[in-house]
Each structure stands twice: as C-alpha cells, then as structure tokens.
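Below is one structure, written out as structure tokens; the observations come after it.
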Amino acid sequence: MVTFRAVRLCAYLILGAIVLVIFIPCVGNDFMNWDDLAFVVENPQISTLSLKSFVWMFTTFYQGVWHPLTWFSHAMDVALWGADPAYHHLVSVFIHVITVLLVAALFVKLQEARGLPPERVYIAAFTGALLFGVHPLRVESVAWVAERKDVLCAMFYVASLVFFLDYVRATERAQWLKYYVLSLLCLLFALLSKPMAMTLPLVLLVFDFFPLERLTVGSMGRVLADKTPFILLAAGAATLNMAAAGTSGVPLSYVPLYMRTMNAFHSVVFYIKQSVFPQNLIPLYQMDRDLDYLGPRFVIPMLLVLGTTGACIWRAMRSDRLWAAVWFSYLIGLSPVLGFHMSFRHAAADRYTYLPTLGLWLLVGLATARIWEFLGSIHRGALAAKAGLIACVVAVTVAFGVHTHGQIGLWKSTEILWRHVIDHADYIPALAFWAVGREIEGKGDMDEALKYYQTALALDPPNPQYASEVANVIAKKGDRETALAMFKEIAEREPSNGDHEVNIARMYVLMERYDEAVQHLEKSIQLDPQSRRGLLLLAFTHVNRGEPDRGLPYYNRYLSVGYPRRAELDREFGLDADGKKGAGGSPR
C-alpha cells in the first residue's frame, strides 16, 4: 500500500529532479570576466585552506563585502576542483536545488500553521516551489559563480525560517530549544554568506503577525524577546558590511535621493512584472540619469505601491491578513537592495528577486490549490477540469524552463553575455563595451578592442578603468609616449590608487627607463603593500637593472601573500620549488 509519506517523498524527489535537469547546463559555462576572476580564479587568498586563509576570510573587506562563509565555499571548490568552472557551477546548482526543496517545506509549514487540508497544502507548496525554482530570474544567482553568496545565503535563510516554524509548533522544551538554536545558527550562516539575510528578523515578525498570529498585545514582550538574538546577529552583520562598503558607492550628488526613491518604487513593480512575464532579462539594468524620474514611468509605480500598501493594511484590519503578510515580506526582503545605498549605478538586478519573491510564489500556489479544490466540487467533468489545470501548470513550467535554458546559455562566456546586453539593453552600460573589449583584446585584435574601450570611456568619461584600458591598448600598438601621458593623467585624478602607478612604471620599463619605473613602483607598494602587479614588476625591474638582490625581497613578499610562483623569477634568483637557494643556483 502506498502511504502518504511515500507520495510526499516522491513529490520532493520529482521537484528536485526537475530543477536539477533545467539548471544542469550551467556546468558547461565558463568563468565570467566579471567578478569571477577577482573573487575566485585570481584570488590567492582562497588558493589554499589554512589558518592564514581562514583569518583572511573573517577579517577582509575585499571587494567591499564581508561574507566569510562565501569565501570558504569558494576556497573549498578551489581545493577540490581547482580552476575547473564546471564543478564550481555544479555546486551552485546543487545548492539551488536544496534551496527549492526547503522552499517547498517552508510553504508546507506556513499552511499547516493555518490548519489547511493536506491535499490543498501540498498542491500549493509544490506548485509555488516548482515555479519559483525553474523561473528564469533565478539564472543570474545560479549561473554566475561570483553570486555563490546568493544561493548560499538563500539556502540558510529558508532553513532558518523552516526551523523557526518548527520551534513555534514544538510542544516540548527540548524540541523548541533545538529548533530555536538551529534557526539562529542558520541565520548566522546566512549572514556569513551575504548581508541580504539581515531582513530575516523582520520577516519572522511578519510570520508572527500571519499565519502564526502570535503578535498580539498580550504576547508582544515574549514575541520580541525571542527575536532579540536574531536582531543582534543581523545588526552585527549589517555593521560589518557597512564598514566593508566604507565610503564607496555612488554619491548623492550624482544620483540624488529623489531619483533613488522613485527608482525604488519602480523596482518594486518591475520585479513583480518580471516574475509574472519575464522579458529581456539582462545582468545589468543601468540607471539612466537622463530619464524623467517625476514622469509617468515612475509616478505610476509609486501610486501602485502606495495603493497596494494601503489596500493590504485595510484588508488586514478586516481580519484578512494574508495579503498584508505577503506584501510586507516582499517589501522587507527588497529593502536592502532598493538603491538608497548604491554600490554601483544600476537600477535593478535579477538576483535581487531570489528571496523577496517567495511570498508571491506562495500566493500562486495557494491560488492553484483553491482552483483545484473548486474543480473537485464540480459534479460533471471534474476529472477533465483538474487535468486541464495540471496541463496549465506544466505549460507554465515548460515555458519558464525553456526561457531559463536560454538565459543559462547567455552566461556561457563573457563575450556572449555582454554582446547580448549591447544588443538588447534599453540603456547600454559602459561595462558591456569594456567587457567585450577585454575578450577581443585577448584574441589579439587591438584595433577592434580599442573601439570598444573608447566607446566605454565615452559613455563613462570619469572611469579610470576604461581610460587605463584605452591607454594600455595604445601602448600595445606601439605609442608608449601617448600611453604614458594618459596613465599620468589618470593617476593625477586618482592619486590614492597604486594600480595607476604600476601602469606608469610599465611604460617606463618598456622604454628601459628603469630608475623612473622603480620610483613609481615603490610608490605603488606604499599605497598597496600587497599589490600583485606592483611587487612582481618591481622584482622583474630590479632583475632587468642587473640588481637581482634588490628584487628578491619583493618577490618573497609577493609569494608571502599567496600568489603563485613564477618560474622565470625562480630561475633568476636561483630558487628551488620550496623557495630556497637551489644547488648551484645563484642570481645572474
């Protein structure tokens, strides 16, 4: 006899298998030249698992973020698979599959808290989780290796919600203590993965409002008390990430507060629209400052958001709390990424929908279950009607799956991704032209690469990175004097960036003006004591000057950071594989 437990297990297996099949093409994709290289491939700090690397993971604000568990995840991948992108992608896919299964479990427990019939509960839960899991908006989080933090955070975030619901339903002290600690630990792991998890304590309060209905005048103190450890963890992580971000980001003078506010209203509506009708998904929706932010394009979303908020509050006051719970959990989830603090000039991002839209998909599942229940009450044709409903769910799943497969293909390589952006974005970001230019330069076509770099610079004139790429290609084409002048001008605009000093020194090395090169390289080391390019070029420059003894300390500093050995310098300094003087080896 087939038991309900066996059917439920089978449903979970089918759900996981569908999501796995749809996302498994990710393993054929390469690393992106967009954070993947800096975060993983060229990051010496995660090349080995050691006490030093662990200390770095927990203390670094590298790339303006603090997420030690994400660094550990990448380091584990490097230790197990090296630089093979297939396995890095595979791990992200499996984490996503686990997250989808946890989402199904979360949806089940949220409905069980209301005492709904099992059939309705599982239809709603698995339909919502399935459509959430295969949706093309998930691709950016799963197919982009540098976004490992997104799927890792989501997995622990959802697990924390599941354990909290178990804690509330527990009847024995040992059980509720166990589930409470597990929920708290999962929040900690989520916060160590990505700061987006700082919204979880507020989402728990929404759960207390509905469906748990624990948030009453008499129980307010107890409800807030069991949130206190969650709030403290979230506040600590928020503080560390604010310190990591520092003063970086887009200044208010460039994107004023009113633009950010109107864009936030637009984003709230935009993400819902993209969830229902995903169209023209791109990795970077660049903010266009020339738009009329007080025009209909932004005022209408503002009115929709304010109107929806008011309607949800009105219904909640009349004992219909579902809509308010879903709506406010959505707004709370989006709050960290609505652009009031902008780390980059983007108006929106697909990856931001991963956690905040969970409630929307639960609503879709609930609607499907209600329709299923209604069709069952029809005296004639109930079976055919239910078959039609199943066909509709399958059709939507297939449509999402096909779209998702296409989106995964766009992340196959850097050039494919950014050429797609150039061809389809309403407002093409300069980053797209820079990224394609890098790929073309790698193929040796300097003239074509220069065109893309110059276009990027024209779109974003103050950007020193794009100006440096233009100067670098000009130097490769043989005009080193012009390139040197450009690099000096860039360094004057950004005097605290040691990388510009390295670029100036490179030009002097190419001109065999070693004394001037050393001066700029020493300055670069003062600005950035762990500069890979600065330490390496300074070692090479002293060798070229015929003073290898002066270059050896810089090479040793380069190695001490964790950067890979260079065979040519080992030979010049007479070093063996352990960094010691080889038998008979000596500097030239």
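Some points to look at:
- Residue in the stretch 169-182 that is touching a residue at least 24 places away in the same chain (Cβ under 8 Å) and buried (at least 22 other Cβ atoms within 10 Å of the Cβ) present: no
- With respect to (1) under 30 Å from PRO136 (Cα atoms); (2) modelled with pLDDT under 95; (3) part of a helix (DSSP H, G or I), the lone exception for HIS405 is condition (2).
Conditions (1) surrounded by fewer than 18 Cβ atoms within 10 Å (Cβ to Cβ); (2) of a type in the set (Ser, Thr, Tyr); (3) farther than 30 Å from ALA456 by Cβ, marked per residue:
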site: PRO283; (1), (2), (3): no, no, no
site: LEU304; (1), (2), (3): yes, no, yes
site: THR308; (1), (2), (3): yes, yes, yes
site: ALA316; (1), (2), (3): no, no, yes
site: SER319; (1), (2), (3): yes, yes, yes
site: ALA325; (1), (2), (3): no, no, yes
site: PHE328; (1), (2), (3): no, no, yes
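- Matching residues in the stretch 350-360 - criterion: being aliphatic (A, V, I, L, M) and surrounded by 22 or more Cβ atoms within 10 Å (Cβ to Cβ): LEU355, LEU358
- LEU116 vs. criteria surrounded by 15 or more Cβ atoms within 10 Å (Cβ to Cβ) and modelled with pLDDT of 90 or more: no
- Taken together, the residues in the stretch 58-74 that are part of a helix (DSSP H, G or I) and in contact with a Pro (Cβ under 9 Å, 6 or more places away or on another chain) amount to 2.
- Residue within the stretch 58-69 that is touching a Leu at 6+ places or on another chain (Cβ under 8 Å) and within 16 Å of VAL134 (Cα to Cα) present: no
- Residue within the stretch 62-69 that is of a type in the set (Phe, Trp, Tyr) and at pLDDT below 95 present: yes
- With a requirement of 2 or more residues that are modelled with pLDDT of 85 or more, the helices (runs of 4 or more DSSP H) lying completely within the stretch 458-577 that satisfy it span 464-476, 480-493, 498-510, 514-527, 532-544, 548-561.
- Scanning the stretch 443-471 for residues that are of a type outside the set (A, V, I, L, M, F, W, C) and more than 18 Å from THR414 (Cβ to Cβ) turns up ASP447, GLN454, ASP460, PRO461, PRO462, ASN463, PRO464, SER468.
- Among the residues making up the stretch 240-274, those that are among the hydroxyl-bearing types (Ser, Thr, Tyr) and buried (at least 20 other Cβ atoms within 10 Å of the Cβ) are SER267, TYR271.
- Condition broken by ALA385, with the remaining ones in (1) within 30 Å of LEU331 (Cα to Cα); (2) without any contact (Cβ under 8 Å) to a residue 40 or more places away in the chain satisfied: (1)
- Extreme residue, surrounded by the fewest Cβ atoms within 10 Å (Cβ to Cβ), among residues of the stretch 361-383 that are small (Gly, Ala, Ser) and either within 30 Å of LEU417 (Cα to Cα) or in contact with a Leu (Cβ under 9 Å, 6 or more places away or on another chain) (or both): GLY381
- Residue in the stretch 24-33 that is in the same structural domain as TYR122 (by TED's automatic domain parsing), surrounded by fewer than 16 Cβ atoms within 10 Å (Cβ to Cβ) and at pLDDT below 90 present: no
- Looking only at the stretch 271-305, and only at residues there that are part of a loop (DSSP other than H, G, I, E, B) and touching a Phe, Trp or Tyr at 6+ places or on another chain (Cβ under 7 Å), the one that is farthest from LEU331 (Cα to Cα): ASP288
- Members of the stretch 420-451 found to be outside any helix (DSSP H, G or I), of a type outside the set (A, V, I, L, M, F, W, C) and surrounded by 19 or more Cβ atoms within 10 Å (Cβ to Cβ), listed by number: PRO429
- Residue list for the stretch 218-268, filter: more than 30 Å from SER496 (Cβ to Cβ), free of Cβ contacts under 8 Å to residues at least 24 places away in the same chain and part of a loop (DSSP other than H, G, I, E, B): GLY218, SER219
- Of the residues making up the stretch 75-82, none is buried (at least 20 other Cβ atoms within 10 Å of the Cβ), in contact (Cβ under 8 Å) with a residue 40 or more places away in the chain and assigned to a helix (DSSP H, G or I).
- Residue check for PRO211: part of a loop (DSSP other than H, G, I, E, B), in the same structural domain as TYR167 (by TED's automatic domain parsing), under 29 Å from PHE433 (Cβ atoms) and modelled with pLDDT of 90 or more: no
- The conditions of being under 30 Å from ALA243 (Cβ atoms), surrounded by fewer than 22 Cβ atoms within 10 Å (Cβ to Cβ) and either in the same structural domain as HIS135 (by TED's automatic domain parsing) or in contact with a His (Cβ under 6 Å, 6 or more places away or on another chain) (or both) are not met by VAL40.
- Scanning the stretch 43-59 for residues that are at pLDDT below 90, under 21 Å from the mean Cα position of the chain (by Cα) and surrounded by fewer than 18 Cβ atoms within 10 Å (Cβ to Cβ) gives a single hit, PRO44.
The values are calculated or read from the model by the stated rules, or taken from the named source; none is laboratory data. Fair warning: this is a prediction, and the values are worked out from it, not measured in the lab. No Cβ is skipped: glycine too gets one built from the backbone with ideal geometry, and neighbour counts run over all protein chains shown.
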